[in-house]
Amino acid sequence: MRLQRSLFVLSFTALRISAYSGCSPDGPLLPRPQKLAQSTAIQNATSQLQSSLDKALSGNSRAGWSVENTSFSIGFISADSEVPIWEYHHRGAANINGTYHTDGDTQYLVGSISKLITDMLVLRTGIDLDVPVTQYLPQLSNESSIISWENITLASLADHLSGIPPNYGFSEWYFLQPLLEQLGFPPLSVDAYEECGIAGLNGACSEEQLLKGMTTVHPITVPYHRPVYSTLSFTLLSYALSAKYNKSYTNLLEDFVIRPLGLTNTGASPGNASRAAIPPIENNWGSDYGDNAPGGGLYSSLNDLSRIIQTILNRTALNTETEVREWLKPHSSTSSPYTLVGRPWEIFRSTSLTPAHPHTIDIYAKTGGAYGYTAQMAIIDQYGIGLTILTAGPPEAYRILYDTMLSTLLPALEEETRLQAQKYVGNFSSSDAMVNLSTSMGDGPGIRLDQLTRNGSDILAAISQFYTQALPQFGTLSPDFRIFPAAFSQRAVENIDGREKDVVRQDWRINLDFLPNTAESSGSELPGQGAVREACIAWQTADWFYYGGEAVDRVVFVEEGGTGRLLGVEVPFLRTGLMCAVEMYS
């Protein structure tokens with residue numbers, strides 16, 4: 001294949017753009033920032049948070065919720081710190097019950113955050129999630145059952161993908177019947193209701209009663225068709241675990257989560273009232289949730305949830321690092337392009353949370369609500385941080401606090417991340433000065449690869465021409481080359497400049513994205529050109545081009561072990577050896 005280099009270089013140069021408009025890898029855009037507690041940007045952000053909350057709670061600005069009726073504990077957690085690097089606690093002035101002092105060990109009902117803790121329990125046991133639930137609960141195998149339970153796996157229950165109802169009995173309130181009849185509902189006899197679980201009529205269902213009832217319920221949809229939020233799924237999961245291990249849910253929680261992680265204020269309700277934030281409104285503190293505890297009846301504290309977050313961030317939450325990475329992945333989508341569903345993560349995707357440098361941010365979160373309590377737990381893995389919000393009182397506070405924390409902290413995190421990544425920015429040259437590489441930060445994600453030349457030849461132009469011709473179905477390769485960390489590194493003792501050094505080799509990859517098809521670029525007058533311009537192609541193009549056994553999109557930054565000091569960069573396919581910096585930028 002003949003390459004018309006001179007003509008191509010002209011067109012390539014003309015395509016150079018300053019604003020990034022492509023898609024980046026679905027992962028960390030830059031290495032996680034380190035030692036956030038010492039960051040000036042973070043200290044300024046938390047100081048701003050502190051000041052804003054102080055003003056709202058003192059009445060010098062509008063809080064947006066009933067300050068006197070609401071107690072809360074909020075925290076900012078980093079992967080490299082076992083305790084929150086910033087926290088704030090408030091006890092509502094109208095509180096007359098529970099603890100007189102809110103702190104990191106104050107207990108709150110956490111509602112559906114219980115589902116996250118239960119999924120963590122399920123994963124830590126190592127139970128096979130691909131088996132049908134009927135393997136452990138054969139009572140569900142009933143020919144008369146409306147739901148085909150043999151098609152429902154433990155994984156589908158853990159992922160909100162079983163299609164079964166959200167509750168059994170819990171969604172009916174017998175005491176509301178007179179009101180509903182006044183509103184036009186038909187009158188019912190007591191016999192029309194189930195024999196258990198009906199608020200105001202009978203008690204909670206036993207395991208036997210609930211499993212019997214499962215043979216008569218209607219599905220919302222079929223398994224794996226779409227996500228359907230279900231608390232009932234977690235009750236069935238707990239039954240399956242108990243059947244396999246011959247232990248109660250609470251004992252399993254103690255054995256696999258509470259004791260190993262060193263949690264001291266987490267368990268199935270009721271908790272310890274003397275250590276609890278109990279709001280001065282109607283609430284469920286002290287309730288026994290029974291078999292509903294796995295899906296919504298746990299209590300916890302800021303310190304305990306921070307500990308769970310920290311183990312997820314540093315990859316020790318489950319049996320292996322790979323299992324944690326797998327856990328932090330979506331398992332289904334919703335009708336919104338901004339909302340995905342995990343196990344049982346509620347994943348929010350946004351491009352507007354760092355306005356100075358917009359890029360996609362994935363927030364792996366779980367919201368929880370119990371009568372009188374609301375809670376939020378969130379993990380932003382690319383920054384290595386988490387947030388926890390626990391409130392006791394009217395439900396308005398947690399959303400306001402969550403928005404405030406995100407909008408204040410994330411721009412500061414982006415600023416600190418980019419500041420720490422400056423060590424990868426500069427001009428690098430091989431020992432024989434034949435190969436030269438230049439990087440800059442720019443406004444977009446990752447590090448911009450501005451120049452890569454060998455013996456005067458433009459290697460980036462060559463890469464662009466190769467990809468455009470080798471993968472013509474994708475169109476023209478974007479000239480905006482950026483490099484991103486591959487989350488893979490190797491550590492070894494090597495001889496560097498005649499001295500033995502402990503070095504860490506960090507793999508990075510050049511992001512190879514293609515320009516979108518438009519009426520202008522296609523040259524077509526047919527309608528609809530650019531209809532799929534928002535599609536991301538870069539995830540399909542990694543590692544496609546090799547030269548002498550080395551991937552052309554692989555770049556390796558070499559750091560000193562322990563200090564993190566950058567020693568240089570290597571471009572393996574060009575056989576550069578260690579390229580040292582000739583000029584660095586700050």
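The values are calculated or read from the model by the stated rules, or taken from the named source; none is laboratory data. A quick note: this is a predicted structure, and the numbers were derived from the prediction, not measured. Methodologically, a virtual Cβ is constructed for each residue, glycine included, from the backbone with ideal geometry; neighbour enumeration extends over all protein chains shown.
What about Thr311, is it in contact (Cβ under 8 Å) with a residue 12 or more places away in the chain, of a type outside the set (Phe, Trp, Tyr), more than 19 Å from Pro344 (Cβ to Cβ) and surrounded by fewer than 22 Cβ atoms within 10 Å (Cβ to Cβ)?
no
From Ser141, Ser145, Ser114, Ser156, which residue is among the small types (Gly, Ala, Ser), touching a helix residue (DSSP H, G or I) at 6+ places or on another chain (Cβ under 7 Å) and in contact (Cβ under 8 Å) with a residue 40 or more places away in the chain?
Testing whether each residue is among the small types (Gly, Ala, Ser), touching a helix residue (DSSP H, G or I) at 6+ places or on another chain (Cβ under 7 Å) and in contact (Cβ under 8 Å) with a residue 40 or more places away in the chain leaves just Ser114.
Take Pro485 and decide whether it is of a type outside the set (A, V, I, L, M) and out of contact with any helix residue (DSSP H, G or I) (no Cβ under 8 Å at 6 or more places or on another chain). Walk me through how you get there before you give the answer.
Values: of a type outside the set (A, V, I, L, M): yes; out of contact with any helix residue (DSSP H, G or I) (no Cβ under 8 Å at 6 or more places or on another chain): yes.
Against the criterion (of a type outside the set (A, V, I, L, M) and out of contact with any helix residue (DSSP H, G or I) (no Cβ under 8 Å at 6 or more places or on another chain)), Pro485 qualifies.
With the stretch 436-533 as the region, which strands (runs of 3 or more DSSP E) entirely inside it contain at least 1 residues that are touching a Cys at 6+ places or on another chain (Cβ under 9 Å) and either within 17 Å of Leu29 (Cβ to Cβ) or at pLDDT 85 or above (or both)? Lay out the reasoning, then the answer.
Working: elements: 447-454, 482-496, 499-511.
Once the strands (runs of 3 or more DSSP E) in the stretch 436-533 are filtered for at least 1 residues that are touching a Cys at 6+ places or on another chain (Cβ under 9 Å) and either within 17 Å of Leu29 (Cβ to Cβ) or at pLDDT 85 or above (or both), what remains is 499-511.
Looking only at the stretch 43-101, count how many residues are in a loop (DSSP other than H, G, I, E, B) and basic (Lys, Arg).
Residues flagged as in a loop (DSSP other than H, G, I, E, B) and basic (Lys, Arg) within the stretch 43-101 amount to 2.
Restricting attention to helices (runs of 4 or more DSSP H) lying wholly within the stretch 276-348, give those where 2 or more residues are of a type in the set (Lys, Arg).
Helices (runs of 4 or more DSSP H) meeting the threshold: none at all.
Select, from Ala412, Ala487, Ala492, the only residue that is buried (at least 18 other Cβ atoms within 10 Å of the Cβ) and either in contact (Cβ under 8 Å) with a residue 24 or more places away in the chain or not acidic (Asp, Glu) (or both).
Matching residue, one of Ala412, Ala487, Ala492: Ala412.
Looking at (1) among the β-branched types (Val, Ile, Thr); (2) within 30 Å of the chain's Cα centre (by Cα); (3) over 28 Å from Thr388 (Cα atoms), which one does Ile74 not meet, given that it meets all the others?
Checking Ile74 against (1) among the β-branched types (Val, Ile, Thr); (2) within 30 Å of the chain's Cα centre (by Cα); (3) over 28 Å from Thr388 (Cα atoms), the one that fails is (3).
Say we look at the stretch 257-275 and pick out the residues that are over 24 Å from the mean Cα position of the chain (by Cα) and assigned to a helix (DSSP H, G or I); which of these is farthest from Gly197 (Cα to Cα)?
Arg259
Has the stretch 109-117 got any residue that is in the same structural domain as Val217 (by TED's automatic domain parsing), crowded, with 16+ Cβ neighbours inside 10 Å and more than 30 Å from Gln382 (Cα to Cα)?
No; the residues of the stretch 109-117 include none that is in the same structural domain as Val217 (by TED's automatic domain parsing), crowded, with 16+ Cβ neighbours inside 10 Å and more than 30 Å from Gln382 (Cα to Cα).
For the stretch 533-553, does any single residue satisfy the condition of being crowded, with 17+ Cβ neighbours inside 10 Å and either among the polar types (S, T, N, Q) or not assigned by TED's automatic domain parsing to the domain that holds Ser24 (or both)?
yes
Any idea which of (1) part of a loop (DSSP other than H, G, I, E, B); (2) in contact with an Asp or Glu (Cβ under 8 Å, 6 or more places away or on another chain); (3) surrounded by 12 or more Cβ atoms within 10 Å (Cβ to Cβ); (4) at negative phi is the one Tyr229 doesn't satisfy?
Result: Tyr229 passes all but (2).
Working only within the stretch 496-539, note down all residues that are without any contact (Cβ under 8 Å) to a residue 12 or more places away in the chain and within 29 Å of Val571 (Cα to Cα).
Asp497, Gly498, Arg499, Glu500
Against the condition outside the structural domain of Leu116 (by TED's automatic domain parsing), surrounded by 12 or more Cβ atoms within 10 Å (Cβ to Cβ) and either at pLDDT 95 or above or out of contact with any Lys or Arg (no Cβ under 8 Å at 6 or more places or on another chain) (or both), how does Gln182 come out, does it pass?
So Gln182 does not fit the description; no.
(1) closer than 30 Å to Ser335 by Cβ; (2) touching a strand residue (DSSP E or B) at 6+ places or on another chain (Cβ under 7 Å): which one isn't true of Gly200, the others all being true?
Every listed condition holds for Gly200 apart from (1).
May I ask you to verify whether Lys212 is basic (Lys, Arg), crowded, with 16+ Cβ neighbours inside 10 Å, under 19 Å from Gln135 (Cα atoms) and in the same structural domain as Thr153 (by TED's automatic domain parsing)?
yes
Condition first: assigned to a helix (DSSP H, G or I) and closer than 17 Å to Ile309 by Cβ. Now tell me which residues in the stretch 110-142 satisfy that. Full working, then the answer.
The first filter runs over the stretch 110-142 and keeps only residues assigned to a helix (DSSP H, G or I), leaving 113-125, 133-135, 138-140.
Within the stretch 110-142, Ile113, Ser114, Lys115, Leu116, Ile117, Thr118, Asp119, Met120, Leu121, Leu123, Arg124 qualify.
Being touching a residue at least 24 places away in the same chain (Cβ under 8 Å) and either closer than 15 Å to Phe484 by Cβ or not aliphatic (A, V, I, L, M) (or both) is the filter here; which residues of the stretch 552-564 pass it?
Asp553, Arg554, Val555, Val556, Phe557, Glu559, Glu560, Gly561, Gly562, Gly564
Could you go through the stretch 24-36 and let me know if any residue there is assigned to a loop (DSSP other than H, G, I, E, B), modelled with pLDDT of 95 or more and over 30 Å from Ala542 (Cα atoms).
Scanning the stretch 24-36 turns up no residue that is assigned to a loop (DSSP other than H, G, I, E, B), modelled with pLDDT of 95 or more and over 30 Å from Ala542 (Cα atoms).
Can you say whether Ser430 is in contact (Cβ under 8 Å) with a residue 40 or more places away in the chain and either of a type in the set (Gly, Ala, Ser) or on the phi > 0 side of the Ramachandran plot (or both), as far as the supplied structure shows? Steps first, please.
Details: in contact (Cβ under 8 Å) with a residue 40 or more places away in the chain: yes; either of a type in the set (Gly, Ala, Ser) or on the phi > 0 side of the Ramachandran plot (or both): yes.
Answer is yes for this residue.
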